[in-house]
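What follows is a short report on a single structure.
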Amino acid sequence: MLPTHDIYMARCIQLAKLGGNHVRPNPLVGSVLVYNNKIIGEGYHKTFGEAHAEVNCLNNVSKDNVQHIPNSTLYVSLEPCFHYGKTPPCVQAIIQAGIKKVVIGQLDINPATHGKSVELLKQKGVEVTTGILEKECSILNKIFFTIQEKKRPYIQLKWAQSQDGFISAKQKQSKLSNPFSDILVHQMRSEADGILIGYNTARIDNPQLNTRLVKGNSPIRIIIDWQASLDSNLHIHDNCIKTIIINEHLNAVKENTHFITCDKDPIKIVERLLQEQIYFILIEGGSKTLQWFIDNNLWDEALVIDTNKMISYGTRAPQLNAKINYEKMISSDKHIYYSNAEFNACYS
(Lines give C-alpha, C1' and ligand atoms only; values in the text may rest on other atoms or scores of the structure.)
Protein backbone atom coordinates (compact mmCIF):
# COMPACT_ATOMS: atom_id res chain seq x y z
CA MET A 1 0.00 0.00 0.00
CA LEU A 2 1.33 3.41 -0.95
CA PRO A 3 1.65 6.05 1.80
CA THR A 4 -1.41 8.30 2.10
CA HIS A 5 -1.60 12.07 2.29
CA ASP A 6 -2.23 11.69 6.03
CA ILE A 7 1.20 10.21 6.68
CA TYR A 8 3.05 13.07 5.03
CA MET A 9 0.82 15.68 6.64
CA ALA A 10 1.45 14.10 10.03
CA ARG A 11 5.16 14.59 9.37
CA CYS A 12 4.47 18.26 8.52
CA ILE A 13 2.75 18.68 11.87
CA GLN A 14 5.62 16.94 13.66
CA LEU A 15 8.09 19.31 12.03
CA ALA A 16 5.95 22.38 12.71
CA LYS A 17 5.98 21.72 16.46
CA LEU A 18 9.76 22.19 16.46
CA GLY A 19 9.12 25.91 16.04
CA GLY A 20 7.79 25.99 19.61
CA ASN A 21 7.14 29.50 20.87
CA HIS A 22 9.89 31.01 18.70
CA VAL A 23 7.60 31.85 15.78
CA ARG A 24 4.87 33.80 17.56
CA PRO A 25 2.77 35.62 16.51
CA ASN A 26 3.26 33.70 13.26
CA PRO A 27 1.74 30.22 12.92
CA LEU A 28 3.57 26.93 13.35
CA VAL A 29 4.08 25.42 9.89
CA GLY A 30 5.83 22.31 8.60
CA SER A 31 6.44 21.15 5.04
CA VAL A 32 7.77 18.10 3.22
CA LEU A 33 8.55 17.46 -0.44
CA VAL A 34 7.79 13.99 -1.73
CA TYR A 35 9.15 12.41 -4.92
CA ASN A 36 8.32 8.84 -5.92
CA ASN A 37 6.90 8.15 -2.43
CA LYS A 38 10.07 9.34 -0.69
CA ILE A 39 10.65 12.54 1.24
CA ILE A 40 13.45 14.49 -0.45
CA GLY A 41 13.06 17.74 1.50
CA GLU A 42 11.81 18.89 4.90
CA GLY A 43 11.43 22.25 6.56
CA TYR A 44 9.58 24.20 9.21
CA HIS A 45 9.17 27.81 10.31
CA LYS A 46 11.93 28.15 12.91
CA THR A 47 11.92 31.77 14.06
CA PHE A 48 9.68 34.79 13.63
CA GLY A 49 10.93 36.96 10.78
CA GLU A 50 12.97 34.23 9.14
CA ALA A 51 12.25 31.89 6.21
CA HIS A 52 8.97 29.99 6.25
CA ALA A 53 8.50 26.23 6.15
CA GLU A 54 8.06 25.87 2.37
CA VAL A 55 11.22 27.82 1.57
CA ASN A 56 13.25 25.89 4.16
CA CYS A 57 11.88 22.65 2.73
CA LEU A 58 12.94 23.53 -0.83
CA ASN A 59 16.34 24.75 0.36
CA ASN A 60 16.94 21.44 2.16
CA VAL A 61 16.63 19.34 -0.97
CA SER A 62 20.00 17.75 -1.77
CA LYS A 63 21.83 18.54 -5.00
CA ASP A 64 21.11 15.02 -6.24
CA ASN A 65 17.37 15.62 -5.90
CA VAL A 66 17.01 19.21 -7.08
CA GLN A 67 16.12 17.96 -10.57
CA HIS A 68 13.11 16.14 -9.10
CA ILE A 69 11.51 19.20 -7.48
CA PRO A 70 9.12 20.02 -10.37
CA ASN A 71 7.81 16.43 -10.37
CA SER A 72 7.38 16.26 -6.60
CA THR A 73 4.41 16.88 -4.33
CA LEU A 74 4.74 19.59 -1.73
CA TYR A 75 2.92 19.02 1.57
CA VAL A 76 2.38 21.95 3.94
CA SER A 77 0.32 22.11 7.13
CA LEU A 78 -1.02 25.63 6.47
CA GLU A 79 -1.89 27.43 3.24
CA PRO A 80 1.28 29.11 1.90
CA CYS A 81 1.35 32.84 2.60
CA PHE A 82 0.15 35.12 -0.17
CA HIS A 83 1.34 38.50 1.10
CA TYR A 84 4.67 40.21 1.63
CA GLY A 85 5.64 40.47 5.29
CA LYS A 86 9.00 39.84 6.92
CA THR A 87 9.63 37.47 4.00
CA PRO A 88 8.36 37.23 0.40
CA PRO A 89 5.16 35.20 -0.22
CA CYS A 90 5.78 31.46 -0.14
CA VAL A 91 3.22 30.84 -2.89
CA GLN A 92 5.55 32.57 -5.34
CA ALA A 93 8.46 30.36 -4.28
CA ILE A 94 6.34 27.28 -4.97
CA ILE A 95 5.36 28.54 -8.42
CA GLN A 96 8.94 29.47 -9.28
CA ALA A 97 10.11 26.00 -8.26
CA GLY A 98 7.79 24.54 -10.89
CA ILE A 99 5.94 22.26 -8.46
CA LYS A 100 2.75 20.84 -9.97
CA LYS A 101 1.09 19.25 -6.90
CA VAL A 102 0.49 20.86 -3.49
CA VAL A 103 -1.32 19.29 -0.53
CA ILE A 104 -2.47 21.65 2.24
CA GLY A 105 -3.63 20.81 5.74
CA GLN A 106 -5.67 23.91 6.46
CA LEU A 107 -6.46 27.25 4.83
CA ASP A 108 -4.91 30.29 6.49
CA ILE A 109 -7.45 32.26 8.52
CA ASN A 110 -5.55 35.51 7.90
CA PRO A 111 -7.60 37.55 5.37
CA ALA A 112 -4.36 38.54 3.62
CA THR A 113 -3.93 34.92 2.53
CA HIS A 114 -7.20 33.02 3.09
CA GLY A 115 -7.91 31.05 -0.09
CA LYS A 116 -5.87 33.41 -2.25
CA SER A 117 -2.81 31.19 -2.50
CA VAL A 118 -4.94 28.17 -3.40
CA GLU A 119 -6.65 30.18 -6.12
CA LEU A 120 -3.36 31.46 -7.54
CA LEU A 121 -1.80 28.00 -7.56
CA LYS A 122 -4.77 26.62 -9.47
CA GLN A 123 -4.55 29.50 -11.94
CA LYS A 124 -0.93 28.49 -12.57
CA GLY A 125 -1.97 24.90 -13.31
CA VAL A 126 -1.00 23.45 -9.94
CA GLU A 127 -3.12 20.56 -8.62
CA VAL A 128 -4.15 21.54 -5.09
CA THR A 129 -5.62 19.29 -2.38
CA THR A 130 -6.84 20.83 0.90
CA GLY A 131 -8.27 19.68 4.23
CA ILE A 132 -5.79 16.89 5.02
CA LEU A 133 -5.67 16.35 8.83
CA GLU A 134 -7.42 19.70 9.05
CA LYS A 135 -8.47 19.33 12.69
CA GLU A 136 -4.95 18.40 13.78
CA CYS A 137 -3.53 21.35 11.83
CA SER A 138 -6.08 23.62 13.50
CA ILE A 139 -5.15 22.47 17.00
CA LEU A 140 -1.49 23.00 16.13
CA ASN A 141 -2.20 26.70 15.56
CA LYS A 142 -4.76 27.36 18.27
CA ILE A 143 -2.72 30.34 19.51
CA PHE A 144 -2.37 31.90 16.05
CA PHE A 145 -6.06 31.46 15.25
CA THR A 146 -7.13 32.92 18.60
CA ILE A 147 -5.05 36.03 17.94
CA GLN A 148 -6.48 36.34 14.42
CA GLU A 149 -10.13 35.76 15.32
CA LYS A 150 -10.50 37.06 18.86
CA LYS A 151 -7.81 39.75 18.85
CA ARG A 152 -6.48 38.55 22.20
CA PRO A 153 -3.93 36.08 23.53
CA TYR A 154 -4.67 32.40 23.95
CA ILE A 155 -5.61 31.81 27.60
CA GLN A 156 -5.07 28.67 29.63
CA LEU A 157 -6.28 28.30 33.21
CA LYS A 158 -4.72 26.06 35.82
CA TRP A 159 -5.38 25.31 39.45
CA ALA A 160 -5.10 22.49 41.98
CA GLN A 161 -7.92 21.72 44.37
CA SER A 162 -8.57 19.55 47.40
CA GLN A 163 -10.97 16.61 47.47
CA ASP A 164 -13.50 18.82 49.20
CA GLY A 165 -13.28 21.60 46.62
CA PHE A 166 -10.89 24.15 48.10
CA ILE A 167 -7.97 25.83 46.38
CA SER A 168 -6.24 26.78 49.66
CA ALA A 169 -6.75 27.16 53.37
CA LYS A 170 -8.04 30.57 54.48
CA GLN A 171 -5.34 33.24 53.96
CA LYS A 172 -2.68 30.54 53.90
CA GLN A 173 -0.52 28.93 51.23
CA SER A 174 -1.56 25.32 50.68
CA LYS A 175 0.56 22.76 48.83
CA LEU A 176 -1.85 20.38 47.14
CA SER A 177 -0.42 18.82 43.96
CA ASN A 178 2.24 16.11 43.94
CA PRO A 179 5.82 16.56 42.60
CA PHE A 180 4.99 14.93 39.26
CA SER A 181 2.18 17.41 38.67
CA ASP A 182 4.54 20.23 39.59
CA ILE A 183 6.96 19.20 36.86
CA LEU A 184 4.17 19.10 34.29
CA VAL A 185 2.99 22.58 35.34
CA HIS A 186 6.49 23.96 34.98
CA GLN A 187 6.60 22.49 31.48
CA MET A 188 3.33 24.33 30.77
CA ARG A 189 4.93 27.53 32.02
CA SER A 190 7.87 27.10 29.65
CA GLU A 191 5.45 27.06 26.72
CA ALA A 192 3.63 30.24 27.75
CA ASP A 193 4.62 33.84 27.06
CA GLY A 194 3.18 35.13 30.31
CA ILE A 195 1.95 33.77 33.63
CA LEU A 196 -0.74 35.77 35.45
CA ILE A 197 -1.81 35.84 39.08
CA GLY A 198 -3.81 38.18 41.29
CA TYR A 199 -2.82 40.34 44.25
CA ASN A 200 -3.68 37.87 47.02
CA THR A 201 -1.82 34.97 45.40
CA ALA A 202 1.31 37.12 45.13
CA ARG A 203 0.96 38.36 48.71
CA ILE A 204 0.11 35.07 50.44
CA ASP A 205 1.97 32.47 48.35
CA ASN A 206 4.96 34.62 47.35
CA PRO A 207 5.50 32.46 44.22
CA GLN A 208 8.58 32.60 42.01
CA LEU A 209 6.57 31.84 38.85
CA ASN A 210 9.53 30.37 37.00
CA THR A 211 10.46 27.08 35.32
CA ARG A 212 13.02 25.84 37.82
CA LEU A 213 11.83 22.21 37.57
CA VAL A 214 12.38 21.90 33.81
CA LYS A 215 14.65 23.23 31.09
CA GLY A 216 13.03 26.14 29.31
CA ASN A 217 12.49 29.87 29.42
CA SER A 218 10.47 31.32 32.25
CA PRO A 219 7.41 33.30 31.11
CA ILE A 220 6.90 36.98 31.82
CA ARG A 221 5.31 37.38 35.23
CA ILE A 222 2.04 39.33 35.21
CA ILE A 223 0.55 40.51 38.49
CA ILE A 224 -2.79 42.28 38.94
CA ASP A 225 -2.03 44.76 41.73
CA TRP A 226 -4.38 47.71 41.27
CA GLN A 227 -2.67 49.90 43.86
CA ALA A 228 0.88 48.77 42.97
CA SER A 229 1.33 48.16 46.68
CA LEU A 230 2.79 44.66 46.94
CA ASP A 231 5.79 44.34 49.25
CA SER A 232 9.12 44.94 47.49
CA ASN A 233 10.61 41.88 49.24
CA LEU A 234 8.36 39.45 47.35
CA HIS A 235 9.82 37.22 44.64
CA ILE A 236 7.93 39.10 41.95
CA HIS A 237 10.21 42.09 42.61
CA ASP A 238 13.51 40.17 42.47
CA ASN A 239 14.24 41.37 38.88
CA CYS A 240 15.21 37.83 37.82
CA ILE A 241 12.40 37.71 35.25
CA LYS A 242 10.61 40.49 33.40
CA THR A 243 7.51 41.30 35.43
CA ILE A 244 4.44 43.32 34.48
CA ILE A 245 2.36 44.92 37.23
CA ILE A 246 -1.17 45.73 36.06
CA ASN A 247 -2.37 48.70 38.12
CA GLU A 248 -4.55 51.82 38.03
CA HIS A 249 -2.09 54.67 38.50
CA LEU A 250 1.52 54.00 37.53
CA ASN A 251 3.19 53.73 34.13
CA ALA A 252 6.89 53.19 34.77
CA VAL A 253 9.81 50.84 34.34
CA LYS A 254 11.93 50.02 37.37
CA GLU A 255 14.77 47.68 36.42
CA ASN A 256 13.01 44.51 35.19
CA THR A 257 9.58 45.48 36.48
CA HIS A 258 7.12 47.22 34.14
CA PHE A 259 4.16 49.02 35.70
CA ILE A 260 1.28 49.30 33.22
CA THR A 261 -2.03 51.06 33.82
CA CYS A 262 -5.26 49.44 32.71
CA ASP A 263 -8.99 49.61 33.40
CA LYS A 264 -10.50 47.05 35.76
CA ASP A 265 -11.78 45.01 32.87
CA PRO A 266 -10.31 41.60 31.98
CA ILE A 267 -10.94 42.21 28.29
CA LYS A 268 -8.87 45.41 28.43
CA ILE A 269 -6.14 43.56 30.33
CA VAL A 270 -5.69 40.81 27.74
CA GLU A 271 -5.87 43.31 24.87
CA ARG A 272 -3.15 45.33 26.59
CA LEU A 273 -1.02 42.24 27.10
CA LEU A 274 -1.34 41.41 23.40
CA GLN A 275 0.19 44.83 22.70
CA GLU A 276 3.09 43.73 24.91
CA GLN A 277 3.60 40.74 22.55
CA ILE A 278 2.24 38.25 25.04
CA TYR A 279 0.38 35.75 22.87
CA PHE A 280 -0.19 32.87 25.29
CA ILE A 281 -1.17 33.50 28.91
CA LEU A 282 -1.22 30.90 31.67
CA ILE A 283 -3.43 32.01 34.58
CA GLU A 284 -2.54 30.25 37.83
CA GLY A 285 -4.57 32.05 40.46
CA GLY A 286 -6.03 32.83 42.76
CA SER A 287 -9.62 31.74 42.85
CA LYS A 288 -11.15 35.22 42.38
CA THR A 289 -8.86 36.00 39.44
CA LEU A 290 -9.59 32.68 37.76
CA GLN A 291 -13.34 33.08 38.30
CA TRP A 292 -13.17 36.63 36.90
CA PHE A 293 -11.80 35.33 33.61
CA ILE A 294 -14.18 32.35 33.57
CA ASP A 295 -17.23 34.56 34.14
CA ASN A 296 -16.14 36.81 31.26
CA ASN A 297 -15.57 33.80 28.98
CA LEU A 298 -11.92 34.74 28.59
CA TRP A 299 -10.34 31.32 28.49
CA ASP A 300 -9.61 28.63 25.91
CA GLU A 301 -8.54 25.61 27.92
CA ALA A 302 -8.12 24.68 31.55
CA LEU A 303 -6.28 22.14 33.66
CA VAL A 304 -7.80 21.31 37.02
CA ILE A 305 -5.66 19.11 39.26
CA ASP A 306 -7.82 17.07 41.66
CA THR A 307 -5.67 16.03 44.59
CA ASN A 308 -6.14 13.62 47.50
CA LYS A 309 -5.72 16.38 50.10
CA MET A 310 -8.48 17.66 52.40
CA ILE A 311 -8.77 21.26 53.63
CA SER A 312 -12.31 21.51 55.13
CA TYR A 313 -12.25 25.32 55.39
CA GLY A 314 -10.69 27.91 53.16
CA THR A 315 -10.93 29.47 49.70
CA ARG A 316 -13.28 27.67 47.37
CA ALA A 317 -11.99 26.53 43.98
CA PRO A 318 -13.36 28.32 40.90
CA GLN A 319 -16.56 27.01 39.35
CA LEU A 320 -16.16 25.92 35.75
CA ASN A 321 -19.15 24.65 33.78
CA ALA A 322 -17.47 23.27 30.69
CA LYS A 323 -16.86 20.19 28.62
CA ILE A 324 -14.21 17.78 29.87
CA ASN A 325 -11.82 16.89 27.08
CA TYR A 326 -10.08 14.08 28.91
CA GLU A 327 -8.71 12.98 32.26
CA LYS A 328 -5.54 11.20 33.33
CA MET A 329 -3.90 10.16 36.57
CA ILE A 330 -0.47 11.54 37.45
CA SER A 331 0.42 9.42 40.47
CA SER A 332 -2.05 10.51 43.19
CA ASP A 333 -3.41 13.50 41.22
CA LYS A 334 -6.18 13.44 38.64
CA HIS A 335 -5.60 15.90 35.80
CA ILE A 336 -8.86 17.10 34.23
CA TYR A 337 -8.58 18.98 30.95
CA TYR A 338 -11.38 21.29 29.81
CA SER A 339 -11.99 23.18 26.57
CA ASN A 340 -14.10 26.24 26.07
CA ALA A 341 -17.19 25.22 24.05
CA GLU A 342 -16.94 28.38 21.97
CA PHE A 343 -13.36 27.52 21.06
CA ASN A 344 -14.37 24.00 20.00
CA ALA A 345 -17.07 25.45 17.76
CA CYS A 346 -14.52 27.65 16.03
CA TYR A 347 -11.93 24.97 15.42
CA SER A 348 -13.76 21.63 15.30
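Key figures for this structure:
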{"item": "Residue-level accessible surface for Ser287, protein heavy atoms, 1.4 Å, Å²", "result": "20"}
{"item": "Relative contact order (%) - region 173-239, alpha-carbon pairs under 8 angstrom, separation at least six", "result": "36"}
{"item": "Loop chymotrypsin sites (Phe, Trp or Tyr not before Pro), region 1-96 (other Cβ atoms within 10 Å of the site Cβ: 16 or fewer; DSSP)", "result": "Phe48, Tyr84"}
{"item": "Mean separation of Cα contacts under 8 Å (6+ apart) over length of region 191-348, as relative contact order %", "result": "19"}
{"item": "Rounded to whole Å, sorted largest first: equivalent-ellipsoid semi-axes of the chain, Cα gyration tensor", "result": "43, 22, 17"}
{"item": "Euclidean distance of C-alpha centroids, region 196-225 and region 12-73, integer Å", "result": "36"}
{"item": "Span-like helix ranges in the chain, DSSP H, alpha carbon extent 20 angstrom or more, Kyte mean at least 0.5", "result": "none"}
{"item": "Spatial separation of Cα centroids for region 230-266 and region 269-348, in angstrom", "result": "23"}
{"item": "Alpha-carbon gyration tensor eigenvalues x 5, square-rooted, for region 1-80, Å", "result": "22, 15, 8"}
{"item": "Percent antiparallel among DSSP beta bridges (both partners in region 212-282, rounded to 5)", "result": "25"}
{"item": "Cα-Cα over 21 Å, subset of Lys17/Lys150; Lys158/Lys323; Lys46/Lys158; Lys175/Lys215", "result": "Lys17/Lys150; Lys46/Lys158; Lys175/Lys215"}
{"item": "Spatial extent of region 203-344: Rg and Dmax, with the Cα atoms as the point set, Å", "result": "16.5, 45"}
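The values are calculated or read from the model by the stated rules, or taken from the named source; none is laboratory data. Only a predicted model underlies this, so the values are computations on that prediction, with no experimental measurement involved. Cβ atoms come from the backbone with ideal geometry, glycine included; neighbour counts cover every protein chain shown. Please note that ligands, DNA and RNA were not included when accessible areas were found on the heavy atoms of the full protein model with its side chains. Shrake-Rupley method; radii C 1.70, N 1.55, O 1.52, S 1.80 Å.
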